[in-house]
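Visitor: The structure follows.
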Amino acid sequence: MTEPLLSIRDLVTEFDTPDGVVSAVNGVSYDVFPGETVGVVGESGSGKSVTVMTVLGLISQPPGRIAGGEILLEGRDLLRSSAKEMRKVRGDEIAMIFQDPMTSLNPVLTIGDQLSEALLVHNGMSDSEARKRVIELLELVGVPNAEQRYDQYPHEYSGGMRQRAMIAMAIANQPKVLIADEPTTALDVTIQAQVLEVLESAKRETDAGTILITHDLGLIAEMADRVVVMYGGKVVEMGTVEEIFHAPRHPYTLGLLSSLPRLDVDLERLEPIVGSPPSLINLPPGCAFHPRCSLARGRERCRREVPDLVGVGDGHVSACHYTDEMAEEIRRVERETGAAFGAGGVA
Amino acid sequence: MTDDVRQRDEARAAAGQDVPPAGQQVEAPRPDEVDATEGMAVESRSQWQLFRRKFVRHKLAMGSLLFLLLVSFTAFNAEWVAPYEYDEINVVMRSTPPTLEQNHFFGTDQLGRDYFSRVLYGTRTSLIAAGVAGLIAVAVGTAVGAVAGFYRGWIDSLLMRLTDLVLIVPLLAILLVAATFFGRGQPVRVAVIIGLLVWVSLARIVRGVFLSLREKEFVQAARASGATDLRIIFRHMLPNTVGPIVVNLTLTLAAVIILEATLAFLGLGVNPPEPALGLLIEEGRSAMQTQWWLILMPGLTLVAIALAINFVGDGLRDALDPTQRES
């Protein structure tokens with residue numbers, strides 16, 4: 001197996017708040033291999049974004065605190081890198097596409113100025129070289145009249161165009177790792193499809209390992225190779241996109257899948273996950289998901305013991321005490337909702 | 001053809017409009033024939049152009065700006081514009097009320113010195129003082145506010161306690177002491193001292209803007225593309241702060257002019273017979289009943305300048321506020 005490009009190991013990120021310590025990320029580990037897309041899903045507040053912000057060194061400390069773990073970029077620990085080294089990593093080796101293109105572009109600078117920033121900062125390009133490269137990039141992401149558009153301001157761009165510009169900005173230096181934090185959430189559906197295409201071609205262009213953060217399972221199914229499911233600051237399940245969608249081995253993943261309408265699976269009704277996401281200040285003891293879990297059924301072990309991530313197949317891991325009961329649970333959900341998860345339960 | 005279509009056509013015909021012949025479809029361009037790039041070449045209109053347009057349409061602000069330009073131009077060319085030297089004594093024309101005769105537009109004082117010339121030279125002193133003090137206030141205020149707002153933490157607390165300190169000391173008392181020791185007969189030095197005391201409001205405003213800007217996504221994005229702190233401050237945050245700074249600067253300038261006049265009124269700043277607006281007002285005060293023009297002319301000039309600066313500030317604020325509609 002090839003070496004991972006980016007390896008997050010047992011990462012713990014906490015925030016000090018007046019109400020107590022918020023453990024936003026609580027022992028998260030996952031790898032990104034060259035050229036693959038890792039989809040990270042989970043409810044709001046599950047620690048998806050904080051994890052990648054920590055990777056980029058963008059957590060402001062205080063109130064944030066990185067309490068443990070390692071982030072290895074090709075073997076180098078980013079958490080032990082100096083601020084100066086991190087600045088070289090950001091925008092050059094790891095680049096990020098932000099969620100809201102309306103607010104992630106500086107209103108008083110032209111698009112061209114902003115896109116050439118990473119080029120000027122990292123490559124020491126001259127202004128005219130940077131201009132040429134930025135116009136190439138704008139053409140690559142499908143901005144028409146790139147030459148003129150270079151000198152325009154963000155308010156003269158539509159939402160979709162701005163997100164294209166953001167993607168162009170992120171791939172300017174051919175990053176090794178591309179992080180897309182809900183890249184389509186702020187866009188309407190037709191534009192979403194276009195932007196995804198651009199994202200795909202940008203990925204092909206750079207062959208970057210990509211982390212795609214979203215709560216849109218459709219997006220994951222379309223783009224991701226592997227999926228990381230996060231809950232309450234922890235990874236609860238990780239596997240290939242087929243495994244996650246057809247044979248989930250964690251009740252939370254199953255809950256996510258059966259609470260969403262899908263085009264490929266015929267559902268008679270949707271089954272929501274009961275309750276709301278846990279408070280990160282005061283996580284439930286034992287398995288953080290147990291108060292909402294359909295599998296726990298009040299069992300003592302779920303309330304007492306924090307489940308470890310255990311292998312349930314080649315590279316497929318799940319953090320549940322009763323993964324072996326998942327086949328039965330999937331059949332129950334299939335019976336009740338009329339869903340067919342394709343694999344006919346867990347093989 | 002349905003009834004309502006016929007009715008519509010009849011109505012149009014009555015209104016003298018062209019009616020497509022009945023039954024003939026108006027041909028719509030097929031989608032693939034429409035040039036896809038049409039309408040995409042947007043005429044670029046930058047923030048700056050928008051701002052200029054709005055400002056030029058703000059009549060009061062534009063008028064005030066022109067007035068200020070005129071006043072500054074004449075004051076700084078007083079040697080050529082003024083009909084007399086500021087200390088030229090003409091005993092024959094003592095205490096003359098404003099008259100066109102011999103160009104004594106503002107009259108003369110008890111020594112027969114031309115008051116228009118004296119006000120003109122005095123205005124120059126005031127404007128220089130305002131400029132120097134304003135420059136210092138902007139430089140210090142922006143620097144302190146930016147550093148405090150950007151870095152937060154202990155440095156923010158330190159700088160803000162410092163501004164609080166400057167804010168709570170009685171301005172006039174400090175100014176009097178400082179001007180007596182360092183600024184006797186030196187209007188520029190007095191201006192420097194004023195500048196070093198009035199930057200506080202600007203520092204607070206800049207700090208506030210920076211505190212909100214640093215949480216903006218575009219600042220995060222700049223950081224994520226590897227920009228240094230200095231680059232973020234100067235390229236991303238300061239340009240977004242220009243509006244509040246400029247608006248506050250105009251208000252500060254108006255206040256500084258009044259403050260400088262106050263000090264001159266109290267006898268600090270220039271050495272008589274060199275004129276300053278405040279000094280002229282003080283001289284006129286003693287003869288308010290009999291020679292009204294001696295206090296009115298410099299007083300009006302002072303008020304007009306301070307008002308005009310405030311109006312320009314208003315106009316700038318409106319023009320820089322993108323949510324403000326053009327009126």
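Visitor: Kirkwood hydrodynamic radius, region A:248-337, all distinct C-alpha pairs: what's the number in Å? Walk me through the numbers before you get to the answer.
Guide: Working: mean 1/r = 0.0716 Å⁻¹.
Hydrodynamic radius (Kirkwood, Cα pairs) of region A:248-337 is 14.0 Å.
Visitor: Neighbour counts of other C-beta atoms within 10 Å: give me A:Leu257, B:Leu162 arranged from fewest to most.
Guide: Fewest-to-most ranking of A:Leu257, B:Leu162: B:Leu162, A:Leu257.
Visitor: Now, a different point. Using the Karplus equation 6.51 cos²θ - 1.76 cosθ + 1.60 (θ = phi - 60°), what ³J(HN,Hα) coupling, rounded to whole Hz, does each residue of region B:188-202 give in order, writing x for Gly and Pro?
Guide: Taking θ as phi minus 60°, the curve returns 5, 5, 4, 4, 4, 5, 4, x, 6, 10, 9, 6, 4, 5, 5 Hz for region B:188-202.
Visitor: Could you give the alpha-carbon Rg of the protein assembly as shown over 2.2 N^0.38 Å, rounded to two decimals?
Guide: On the way: Rg = 35.0 Å, N = 674, 2.2 N^0.38 = 26.1 Å.
It is 1.34.
Visitor: Mind pulling the angle between the C-alpha long axis of helix A:189-206 and the longest principal axis of chain A? Nearest 10 degrees, somewhere in 0 to 90.
Guide: 70
Visitor: When A:Tyr150, A:Tyr322 are ordered from fewest to most other Cβ atoms inside 10 Å of their Cβ, what list results? Walk me through the numbers before you get to the answer.
Guide: Working: A:Tyr150 18, A:Tyr322 21.
Starting with the residue having the fewest Cβ neighbours, the order is A:Tyr150, A:Tyr322.
Visitor: Now for a different question. Through the Karplus equation 6.51 cos²θ - 1.76 cosθ + 1.60, θ set to phi - 60°, convert the phi angles of region A:293-304 into ³J(HN,Hα) values in whole Hz; use x for Gly and Pro.
Guide: Each residue's phi maps through the Karplus curve to give 7, 7, 8, 5, 6, x, 5, 4, 4, 5, 7, 9 Hz.
Visitor: With just the Cα atoms defining each centre, how far is region B:275-305 from region A:125-147? Give it in Å.
Guide: When both Cα centres are located, 62 Å separates them.
Visitor: Return the FRET efficiency for the residue pair A:Asp324, A:Leu270: r is the Cβ-Cβ distance, R0 is 30 Å, and the value is rounded to the nearest 0.05. Walk me through the numbers on the way to the answer.
Guide: Values: r = 26 Å, r/R0 = 0.87.
E between A:Asp324 and A:Leu270, to the nearest 0.05, is 0.70.
Visitor: Less than 11 Å Cβ to Cβ from A:Ser116, Lys/Arg counted +1 and Asp/Glu -1: what total charge do the surrounding residues give?
Guide: Working: positive: A:Arg131, A:Lys132, A:Arg133; negative: A:Asp113, A:Glu117, A:Asp127, A:Glu129.
Counting the neighbours of A:Ser116, the net charge comes to -1.
Visitor: Among B:Trp292, B:Trp48, B:Trp80, which comes first, then next, by fewest other beta-carbon atoms within 10 Å? All intermediate terms of the calculation are to be shown ahead of the outcome.
Guide: Numbers: B:Trp292 14, B:Trp48 10, B:Trp80 6.
So the ranking, lowest neighbour count to highest, is B:Trp80, B:Trp48, B:Trp292.
Visitor: Using alpha-carbon positions, what is the distance between the centroids of region B:173-207 and region A:60-118, in Å?
Guide: Each part reduced to its Cα centre gives a spacing of 42 Å.
Visitor: What relative contact order, as a whole-number percentage, does region A:6-224 give when Cα pairs under 8 Å and 6 or more residues apart are counted?
Guide: Numbers: 390 pairs, mean separation 57.3, N = 219.
Relative contact order for region A:6-224 comes out at 26 percent.
Visitor: Shifting gears a bit: What's the local net charge at A:Pro277, with K and R +1, D and E -1, over the other residues with C-beta under 15 Å away? Walk me through the intermediate numbers first.
Guide: Values: positive: A:Lys48, A:Lys234, A:Arg292; negative: A:Glu43.
Here the count lands on +2.
Visitor: Check cross-link reach from A:Lys48 to the lysines: straight Cα distance under 23 Å, and skip same-chain residues fewer than eight apart.
Guide: Of all the lysines, those that pass the test against A:Lys48 - Cα under 23 Å, at least 8 places apart if same chain - are A:Lys176, A:Lys203, A:Lys234, B:Lys216.
Visitor: If amide hydrogens are placed 1.01 Å from N in the peptide plane, which non-local residues have theirs closer than 5 Å to the one on B:Leu111?
Guide: B:Ser95
Visitor: For chain A, compute Rh as the Kirkwood radius over C-alpha pairs and then the Stokes-Einstein diffusion coefficient at 10 °C and 1.306 mPa s; write the answer in µm²/s, rounded to an integer.
Guide: Values: Rh = 21.2 Å.
Using the Kirkwood radius from Cα pairs, D works out to 75 µm²/s.
Visitor: Got a sec to turn the phi values of region A:108-115 into Karplus ³J(HN,Hα) couplings, 6.51 cos²θ - 1.76 cosθ + 1.60 with θ = phi - 60°, whole Hz, x for Gly and Pro?
Guide: Residue by residue, region A:108-115 yields 9, 10, 5, 4, x, 4, 6, 6 Hz.
Visitor: Taking K and R as +1 and D and E as -1, what net charge do the other residues with C-beta under 14 Å from the C-beta of A:Asp308 add up to? Intermediate values should be presented prior to the final figure.
Guide: On the way: positive: A:Lys234, A:Arg249, A:Arg301, A:Arg304; negative: A:Asp10, A:Glu237, A:Glu305.
With Lys, Arg at +1 and Asp, Glu at -1, the neighbours total +1.
Visitor: For the protein assembly as shown, what is the calculated [θ] at 222 nm in deg cm²/dmol (nearest 500), taking -39500 (n - 2.57) for each run of four or more DSSP H residues and dividing by its residue count? Let's see the in-between values first.
Guide: Values: 25 runs with 321 residues, N = 674.
Taken over the protein assembly as shown, the calculation gives -15000 deg cm²/dmol.
Visitor: In addition: Could you work out how far apart the two model spin labels at B:Leu158 and B:Leu230 are, taking each label as a point 7 Å from the Cα in the direction of the beta carbon, and quote it in nm?
Guide: The modelled label-to-label distance comes out at 2.0 nm.
Visitor: Which residues' amide hydrogens lie under 5 Å from the amide hydrogen of A:Val235, considering only partners 5 or more residues apart or on another chain, with H built in the peptide plane?
Guide: Those lying under 5 Å, H to H, from A:Val235 are A:Ser29.
Visitor: Search the structure for amide H atoms under 5 Å from the amide H of A:Gly39, placed 1.01 Å from N in the peptide plane, and list their residues when 5 or more places away or on another chain.
Guide: HN-HN under 5 Å from A:Gly39: A:Leu212, A:Asp225, A:Arg226, A:Val227, A:Val228.
Visitor: Taking chain A as the reference, fit the longest principal axis to its C-alpha atoms, fit the long axis of helix A:326-337 to the helix C-alpha atoms, and give the angle between the two in degrees, 0 to 90, nearest 10.
Guide: Rounded to the nearest ten degrees, it is 80.
Visitor: Could you state the number of Å between the C-alpha centres of region A:1-36 and region B:85-126?
Guide: 79
Visitor: Moving on to the next point. Quote the relative contact order of region A:1-107 in percent (integer), defining contacts as alpha-carbon pairs under 8 Å separated by 6+ residues. Provide the component values of the computation, followed by the final result.
Guide: Numbers: 147 pairs, mean separation 32.9, N = 107.
Once normalised by length, the contact order is 31 percent.
Values in this text are rule-based calculations from the coordinates and carry no lab data. These numbers were taken from a predicted model, which means no experiment stands behind them. Please note: Cβ atoms are built from the backbone with ideal geometry, for glycine as well, and neighbour counts cover all protein chains shown.
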